[in-house]
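Working notes for the structure below.
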Amino acid sequence: MTGFSDHFGKVADQYADFRPRYPDALYTWLASQCSAHTLAWDDGCGSGQASVALAEHFDRVHATDASADQIAHAEPHPRVRYAVAPAQQSGLPAASADLVTVAQALHWFDLPAFYAEVRRVARPGALLAAWTYGVHHIEGGEVNAAVRHFYHKVVGPFWPPERRHVESGYRELDFPFARIDAPDLDMQADWTLAQLLGYLRSWSATARYLAANGKDPVDALAQQLRPLWGDPERRREVRWPLGILAGRVH
């Protein structure tokens, strides 16, 4: 990807409210792999889900995103500094970062330019970690099947082509660093129907469908799901596989 396309600006409020949280074990592991904990750079930070969690382990977190709308909705934290910036322009001094992270965003980057910036700002032996979560599984066979159909068939044609890297867990992305084994983790949430629908509305493909057709595709799915879900306040387990790329920067 050579230029920035803001796939999430129009759904930045839903993104901040409804995106699932990454497991605490991920951040504990990241911190354990760093010899110092002075500065972490969270690139493509979105609304700051990972940035705030990293601040529990690092003295400072520099969080950047190319989307001004996402930064405007970012969660404040005294140890997190947010900035609007392209992925390949951190604004950090050379050899200053102990950790560089990219949560659910590496597939959007101009990778050669980003990797060059990582090499510039990373301290010797620093860790670069990027992770992504794929298609989720929802408790209840009929509910899960209906949402899978929505993902693949209804808004499927509106996913940007880079989405294929999410579905493959980043296995096909170039990663020119000395890889280290990452733990086997997944993400989990217990959601009401309203929370699930809010999450589906945060998808870039949903926003693109709405722009092209002038109607919210989640409305029709909600009608389908209500009788299948039962009590709308019932919480159903939702799980996502987490794919992690991690390596040392020398």
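The values are calculated or read from the model by the stated rules, or taken from the named source; none is laboratory data. The model shown is predicted, which means the values in this text are computed figures rather than measured ones. We place every Cβ from the backbone using ideal geometry, glycine too, and count neighbours over all the protein chains shown. Note: areas computed on protein heavy atoms with side chains; ligands, DNA, RNA excluded. Shrake-Rupley method; radii C 1.70, N 1.55, O 1.52, S 1.80 Å.
Select from the stretch 104-174 those trypsin sites (Lys or Arg not before Pro) which occupy a DSSP coil region and have at most 10 other Cβ atoms within 10 Å, ordered by residue number.
Arg171
Just to confirm the number: angle between the C-alpha axis of helix 217-229 and the first principal axis of the chain, 0 to 90 degrees, nearest 10?
For helix 217-229, the angle is close to 70 degrees.
Once every DSSP H run of n ≥ 4 in the chain is given -39500 (n - 2.57) and the sum is divided by its residues, what mean residue ellipticity at 222 nm do you get, rounded to the nearest 500 deg cm²/dmol?
Taking each H run of at least 4 residues, the total per residue is -9000 deg cm²/dmol.
Would you mind estimating how fast the stretch 138-205 diffuses translationally, via Stokes-Einstein at 37 °C and 0.692 mPa s with the Kirkwood radius over Cα pairs, in µm²/s? Each step should come with its number before you reach the end.
Working: Rh = 14.6 Å.
This corresponds to a translational diffusion coefficient of 224 µm²/s.
Multiply the residue separation of Ala113 and Arg164 by 0.36 nm, subtract the distance between their alpha-carbon atoms, and state the gained length in nm to one decimal.
My answer for the length gained is 16.3 nm.
Relative contact order of the stretch 193-242, please, whole-number percent, based on alpha carbon pairs below 8 angstrom and at least 6 residues apart.
40
Calculate the spin-label point distance for Ala36 paired with Asp216, positioning each point 7 Å from the Cα along the beta-carbon direction, and give it in nanometres.
Between Asp216 and Ala36, the simple spin-label model gives 4.8 nm.
Normalised by the residues of the chain, what does the relative contact order come to in percent, with Cα pairs under 8 Å and at least six apart?
24
Mind putting together the pair-distance distribution for the chain? All Cα pairs, 5 Å bins, whole percent per bin, short to long.
Pairs per bin, as whole percents: 1, 6, 13, 18, 19, 17, 12, 7, 5, 2, 0, 0.
What does the accessible area per residue of the stretch 146-243 come to in Å², with a 1.4 Å probe and no ligands, DNA or RNA counted?
It amounts to 52 Å² per residue over the stretch 146-243.
Under 5 Å between amide hydrogens, which residues at least 5 positions from Asp42 or on another chain qualify, with H placed 1.01 Å from N in the peptide plane?
Correct list: His62, Ala63, Thr64, Thr101.
In whole percent, and with a 1.4 Å probe on the protein chains, what portion of the accessible area of the chain is carbon and sulfur?
Accessible surface attributable to carbon and sulfur in the chain totals 49 percent.
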